[in-house]
Amino acid sequence: MSDLKIPTELVAPIFNPASYADRQRMEKMLANLRHNYPLSQAEVPGYDPHWIVTKYKDVREITRQDNIFHSGDRSKTPASLIAEQMMRDYSGGKPHIFRTLVHMDPPDHTAHRDLVKDAFMPQNIAALETSIREMARRYVDQMAGMDSTCDFAGDIAMNYPLEVVCTLIGLPKEDHAIMLRLTQWFLSYADPDLCRPGSVLSDPEEQIKTWQIVYDEFKSYYSSVIKDRQACPRHDLASTISNGKVNGCPMDERSMISYFVIASTAGHDTTAATIANSMWTLATKPELLARLKAEPALIPNFVEEAIRWTTPAMCFIRSAAEDYELSGRQIKKGDLLYISYLSANRDEEMFEDPYEFRLDRTPNRHIGFGYGAHICVGQHLARLEMRLLWEELIPRLESVEMAGEGKWQESEFVCGPKYVPIRFKMK
């Protein structure tokens with residue numbers, strides 16, 4: 001279609017967290033946008049206009065040009081006009097409450113990312129394999145000790161990567177539950193099962209109120225950690241962040257607390273979502289389990305396809321810093337762009353049979369970790385965690401099926417299954 005405007009009733013669900021509880025409906029809607037409105041504008045009441053970017057090639061073109069399409073000038077996630085104003089009110093006029101890597105543009109982004117990039121290089125992540133495999137094996141043993149049923153999302157998927165990341169940060173085991181709770185308040189603020197107790201989900205200001213509370217909670221927790229690591233550094237990520245310098249100077253408080261926030265939340269939540277959805281897929285496609293048991297060398301392929309299949313970080317918002325022509329459309333300076341990674345990872349022009357889970361999808365050029373300079377710094381850790389868990393679990397898993405209805409989170413940003421009830425047999 002040549003019309004640049006998407007009908008409001010078609011595109012409005014994109015901005016509603018509750019819509020994402022119905023994954024199939026959302027994927028059908030995104031397919032409609034890809035086919036009929038591949039790069040068009042949405043004007044949804046209560047929001048500034050957004051270009052809705054659904055095609056793989058357009059997503060790649062935008063995300064490789066940080067100098068043209070900024071991450072730090074406006075809200076990084078879908079935010080109403082009310083929410084954006086509240087963020088400015090809470091942050092002293094800045095567009096974000098948090099100031100994490102995903103909220104930064106060069107040169108700030110590069111300078112802050114450099115603090116931890118060595119720790120997440122493939123060779124350094126590979127050195128963690130023995131310790132992480134021990135954690136994976138312990139969770140597999142825990143699952144084997146259950147009475148043939150469990151909620152795989154809540155019992156295993158949410159806790160295993162949480163322990164990995166919290167251990168790398170240097171947090172005691174008794175505090176891991178605090179990090180999970182704050183993660184859910186932050187990233188699943190609109191989900192009735194995972195949100196902050198006392199949240200009024202009908203209140204349009206609830207999102208920003210919760211984010212400010214989450215920031216304050218993280219600040220309260222990590223202030224003592226920072227003092228401890230500055231006085232007595234250890235070999236952990238907390239010491240790296242607490243003593244990190246940007247352009248020769250210590251980080252300001254908001255940047256340092258935000259660094260801990262992104263490490264303590266996105267560091268495990270996206271991996272948990274992918275692991276949970278992987279099991280859901282195995283429980284509904286028995287031929288996959290049979291093939292993986294027969295050909296364990298395919299486990300890395302399984303991990304890559306699961307990342308594409310899940311795409312837990314579904315979108316980001318960018319703003320144009322200058323006029324730009326994209327796929328024949330004239331993007332103007334200041335325009336907002338809603339970048340749909342979920343849609344891009346289902347693009348028929350890039351992926352053959354995109355709605356099939358295929359172990360033979362090679363090469364698998366998904367953008368589940370993003371693309372360009374903002375590609376996920378923890379991607380190698382996430383791959384390792386998932387590979388090790390499945391290498392430990394699949395040889396022992398004789399059968400698995402759904403034991404009830406699985407449920408997705410209600411979240412318009414990071415989304416994964418919150419409930420995966422399974423019935424299984426293990427060796």
Task: Calculated SAXS-style log₁₀ I(q)/I(0) at q = 0.11, 0.17, 0.23 Å⁻¹ - segment 210-308, Debye, Cα scatterers - done: -0.55, -0.79, -1.14
Task: 25 Å Cα-Cα reach of Lys425 towards lysines, excluding residues that sit fewer than 8 places from it in its own chain - done: Lys285, Lys293, Lys407
Open item on the list: Can you list residues from other chains, or at least 5 along the same chain, whose modelled amide H is less than 5 Å from the amide H of Cys150?
Closed with: Ile422
TODO: Please name whichever of Leu187, Phe152, Ile226 sits farthest to the positive end of the charge dipole of segment 139-231, dipole taken about the Cα centre and charges placed at Cβ: Lys and Arg +1, Asp and Glu -1.
DONE: Ile226
Task: Options (1) 39, 30, 20; (2) 31, 28, 21; (3) 39, 26, 17 - which one matches semi-axes √(5λ) of the Cα gyration tensor in Å as calculated here - done: (2)
Open item on the list: Could you list Met314, Met256 so that the one with the fewest beta carbons within 10 Å of its beta carbon is first and the one with the most is last?
Closed with: Met256, Met314
Task: Fewest-first sequence of Glu398, Glu217, Glu304 by Cβ atoms within 10 Å of each Cβ - done: Glu398, Glu217, Glu304
Open item on the list: Whole percent per 5 Å bin, from 0 to the bin with the longest distance: what is P(r) over all C-alpha pairs of segment 21-60?
Closed with: 6, 23, 22, 25, 21, 3
- [ ] For Ser399, enumerate residues with amide H under 5 Å from its amide H, sequence gap 5+ or separate chain, H modeled in the peptide plane.
- [x] Lys425
TODO: Within 10 Å, count the other beta carbons around each residue, average over each peptide in 268-280, 126-138, 371-383, 159-171, and list them highest first.
DONE: 268-280, 159-171, 371-383, 126-138
Task: trypsin sites (Lys or Arg not before Pro) restricted to DSSP loop in segment 36-131 with at most 14 other C-beta within 10 Å - done: Arg64, Lys117
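I'd like the per residue volume of the convex hull spanned by the Cα atoms of segment 1-78, given in cubic angstrom.
Details: hull volume 8.4 nm³, N = 78.
Here the figure is 108 Å³ per residue.
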Task: Qualifying lysines (Cα of each under 24 Å from Cα of Lys173; at least 8 residues distant if same chain) - done: Lys219, Lys227, Lys418
TODO: Excluding residues on the same chain fewer than 8 positions from Lys333, give the lysines whose Cα lies under 27 Å from its Cα.
DONE: Lys5, Lys55, Lys57, Lys76, Lys94
- [ ] Taking the dipole about the Cα centre of the chain, with the C-beta of Lys and Arg at +1 and of Asp and Glu at -1, give me whichever of Ile97, Gly248, Leu359 is farthest to the positive side.
- [x] Gly248
- [ ] Please get the size of the charge dipole for the chain, origin at its Cα centre, with Cβ charges of +1 on Lys and Arg and -1 on Asp and Glu, quoted in debye to the nearest 20.
- [x] 580 debye
TODO: Please report Rg over Rh for segment 284-427, where both radii come from the alpha carbon positions and Rh follows the Kirkwood definition.
DONE: 1.04
TODO: Quick one: Debye curve from the alpha-carbon atoms of segment 361-427 only, equal weights, vacuum; give me log10 I(q)/I(0) at q = 0.12, 0.14, 0.21, 0.22 Å⁻¹ to two decimals.
DONE: -0.52, -0.70, -1.15, -1.15
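No lab work stands behind these numbers, since they all come straight from the coordinates. All values derive from a computational prediction rather than experimental measurement. Glycine gets a Cβ as well: all are built from the backbone with ideal geometry, and neighbour counts include every protein chain shown.
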